[in-house]
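Let me begin by presenting the structure, written as structure tokens, before commenting on it.
None of the figures in this text is laboratory data; all of them are computed from the coordinates on show. Since this is a predicted model, take the numbers as computed values, not measurements. Glycine gets a Cβ as well: all are built from the backbone with ideal geometry, and neighbour counts include every protein chain shown.
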Amino acid sequence: MTIQTKYEKPIPLKNEDNRPYWDAADRHELEVQKCNDCKSYLHPPGPACPKCGSAAVEWENLGSDIKATLSSYVISYRPFLPGFQNDLPTIIAQAALDDKPDVRILCNLLECKPEDVKIGMPVQMTWQDITEERALPQWKPTD
Amino acid sequence: MDKISNKYAVVGVGEYERSRKSGTTPLQMALVAARNALQDAGLEASDIDGIMNYSTGGDSCTSHEVATYLGARPKYVKDISGGGSSTEMLIGDAIGMIDAGLLNTVLIYRSMNGASGQLVGRGYDPNMLQNALPGGSFIIPYGSASPSQWFGIFATRHMHQTGLTKEHLGQVCIDFYEHAQRNPKAHLNGKTLTMEEYLNTPDISSPFNIHDCCLELDEANAIIVTSADRAKDCKSRPVYIMGITPRETHPHAHYWSDLDQVAADHVAPALYQSAGVKPEDIQVAAIYDCFSWVVLRQLEAYGLAPRGEVGDFVAAGNLKMGGKLPTNTAGGMLAEGYTHGMNNVLEIVRQLRHEYKGSDRQVEDCEIGICTGWSGPDLAGAMILGN
């Protein structure tokens, strides 16, 4: 994957609640939060578990081989943010992790034509290098 | 039925003319809408002892300013940040405060230069959005910043699961455009829509094209809420609040991990219980319509059409005047105007007063109506009104 010299799209902002997720993404890995009390996996990460309210949340590294199933999508024909005008139509898709279906992650679906996207299609996570330091998790159809 | 049922009423409604360019401030528009609501109720500014307002990202004017220039000296002013369903939330607050004996008569308004000023549907500064929206950094980098995209992803899944088609979405638009042709104050009065035109319009965010999206306009609306006892002294025919459920939430604020449920699903049981009526008792509806699909999903959530059959329900013409459930009879936010739902409240009040009697706009003999709010899949609120 080529590193773009000028990335015009918004870059994820790291903060106290999400830093481990984005730090892992920069290493091309997926880390998700889980609750030590109710044992739920959580996404997006936050300061506590949205299911039971427990603050006993920790991170689990799921590695780089992430398979998922597409749960829904929207095909965007207009840019609503800077940078996307060069990249239309954009597919924005949610997929549920095959191993942890409660974890549903929203990304763009790359390497797929709008007419080929289908709910239920298998996808896998790929990481787009957007700057020298940063990488963005994305979905692509499973090879 | 709960203890507030029929003890409070909407006694005044008023608006400022809708346009794409008001050429004036939200304060000026709010004052005109408020004066119109006072006149409608036959009340003076001095009768108002509470004023409440909602705005999104500072797009309005404050209740304190409106109080000042209305010449009212209320005991209480309140401004909240919110969008759809905030009308229902503030009416709930007003009822609570009147019930507690703290206030008598409350003015609630929404004023915005939604076309010439700040536009909701076209996105905001990306870094501001990442910080402002819960989970923002997980959606904004993917180009997802418009409600048309957020709700589109729900709509795609719902259509996949239930067999709803693009034609069903189009039918909602066509019906509301048709209603707007009977309403001289509707922004799209004079602009009709056929299914062929609808289907030939390219999508903005699939499955939505421009007709599926609400009109962002410059507009102000105001309503006045008081007790049923005081309502007897008003000039207008009171419309009673039979039941109200201000807000209940989805599992996550803004990052919608579960596409199969929306907050309206959780509002409905409490709403009907509070009003002591069933979905089949509802004769006229004002369903929050920021997008066509949102109407279909709420008809299901509120039990107004069976899940899985809402497409057939709409295709059969049931939302039209003369149908089983005439809905958004002024054109709704798709064709009349958009003030985050308050214009739909004005219309349901006017229907239940039989204000259009003798014209083709009146839903004949309607006595019970529903008005829903939708801030998104995560927040909703609704009320049932009776005459």
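Summary table
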{"quantity": "5 angstrom amide H check on A:Asp98, placed H, neighbours 5+ away", "calculated": "A:Lys67, A:Ala68, A:Thr69"}
{"quantity": "Candidates B:Ala268, B:Ala316, B:Ala222: whichever shows maximal mean-square fluctuation once chain B is modelled as a Gaussian network with Cα springs under 10 Å", "calculated": "B:Ala316"}
{"quantity": "Projected area, mean over directions - region B:243-309, Cα convex hull, nm²", "calculated": "5.0"}
{"quantity": "Gap separating the Cα centres of region B:263-335 and region B:48-79, nearest whole Å", "calculated": "32"}
{"quantity": "Net charge of neighbours whose Cβ lies under 14 Å from the Cβ of B:Phe154, counting Lys and Arg as +1 and Asp and Glu as -1", "calculated": "-3"}
{"quantity": "Packing-based order for A:57-70, A:95-108, using average beta carbon neighbours within 10 Å, highest first", "calculated": "A:95-108, A:57-70"}
{"quantity": "Above-threshold pairs, the threshold being 22 Å between Cα atoms, out of B:Lys278/B:Lys324; A:Lys118/B:Lys166; B:Lys3/B:Lys232; B:Lys7/B:Lys320; B:Lys7/B:Lys185", "calculated": "B:Lys7/B:Lys320; B:Lys7/B:Lys185"}
{"quantity": "Trypsin sites (Lys or Arg not before Pro) lying in DSSP loop within region B:20-92, provided at most 12 other Cβ fall within 10 Å", "calculated": "B:Lys21, B:Lys75"}
{"quantity": "Eligible lysines near A:Lys34 by straight Cα distance, threshold 17 Å, same-chain separation 8 or greater", "calculated": "A:Lys51, A:Lys100"}
{"quantity": "Selection from A:Val74, B:Ala33, B:Ile348, by position along the positive dipole direction of the protein assembly as shown (Cβ)", "calculated": "B:Ala33"}
{"quantity": "Rg in Å to one decimal, and Dmax rounded to a whole Å, for region B:181-243 via C-alpha atoms", "calculated": "19.1, 53"}
{"quantity": "Enclosed volume per residue, in Å³, of the convex hull spanned by Cα atoms of region B:74-218", "calculated": "186"}
{"quantity": "Peptide A:64-76, shielding by other chains (average Cβ, 10 Å cutoff)", "calculated": "5"}
{"quantity": "For region A:35-143: Kirkwood Rh in Å [reciprocal of mean 1/r, alpha carbons]", "calculated": "15.3"}
{"quantity": "Convex hull of Cα atoms in chain B, direction-averaged projection (nm²)", "calculated": "17.1"}
{"quantity": "Note, ³J(HN,Hα) from phi for region A:112-121, Karplus 6.51, -1.76, 1.60, rounded to Hz, x at Gly and Pro", "calculated": "9, 7, x, 6, 9, 6, 9, 4, x, 6"}
{"quantity": "Value of Rg/Rh across region B:64-123 [Cα atoms, Kirkwood radius]", "calculated": "1.04"}
{"quantity": "Karplus-derived HN-Hα couplings along region B:210-218 (A = 6.51, B = -1.76, C = 1.60, θ = phi - 60°), whole Hz, x at Gly and Pro", "calculated": "4, 6, 6, 9, 5, 7, 8, 10, 8"}
{"quantity": "Unmatched cysteines, chain A - criterion: no other Cβ of a Cys under 4.7 angstrom", "calculated": "A:Cys107, A:Cys112"}
{"quantity": "Nearest 10 degrees, 0 to 90: helix B:292-301 Cα axis against chain B principal axis", "calculated": "80"}
{"quantity": "Taking N as its residue count, the alpha carbon Rg of region B:197-326 over 2.2 N^0.38 Å", "calculated": "1.26"}
{"quantity": "Average beta carbon contacts from partner chains per residue of B:256-263, 10 Å cutoff", "calculated": "3"}
{"quantity": "Partner aspartates and glutamates for B:Lys21 [C-alpha distance under 14 Å; skip if fewer than 8 residues away on the same chain]", "calculated": "B:Glu216, B:Asp218, B:Glu219"}
{"quantity": "Radius of gyration and maximum dimension Dmax of the protein assembly as shown, Cα, Å", "calculated": "23.6, 74"}
{"quantity": "Pair-distance profile P(r), taking every C-alpha pair of region B:156-199, with 5 angstrom steps and integer %", "calculated": "5, 24, 23, 16, 15, 9, 7, 1"}
{"quantity": "Cα principal axis extents for region A:80-143, largest first, Å", "calculated": "32, 31, 23"}
{"quantity": "Average partner coverage of A:82-93, which counts Cβ from other chains inside 10 Å", "calculated": "3"}
{"quantity": "222 nm mean residue ellipticity, helices alone, for chain B (DSSP H n ≥ 4; -39,500 (n - 2.57); rounded to 500)", "calculated": "-10000 deg cm²/dmol"}
{"quantity": "Residues with amide H under 5 Å from that of B:Ser116, placed H, sequence gap 5 or more", "calculated": "B:Ser22, B:Asp218"}
{"quantity": "Viscosity 0.692 mPa s, 37 °C: Kirkwood-radius Stokes-Einstein D of region B:1-116 over Cα pairs, µm²/s", "calculated": "226"}
{"quantity": "Cα centroid separation, region B:130-181 to region B:193-230 (Å)", "calculated": "13"}
{"quantity": "Ranked by how many other beta carbons lie within 10 Å on average, peptides B:273-284, A:111-122 from highest", "calculated": "B:273-284, A:111-122"}
{"quantity": "Neighbourhood charge, 11 Å Cβ-Cβ cut-off, centred on B:Tyr338 and excluding it, Lys, Arg +1 and Asp, Glu -1", "calculated": "-3"}
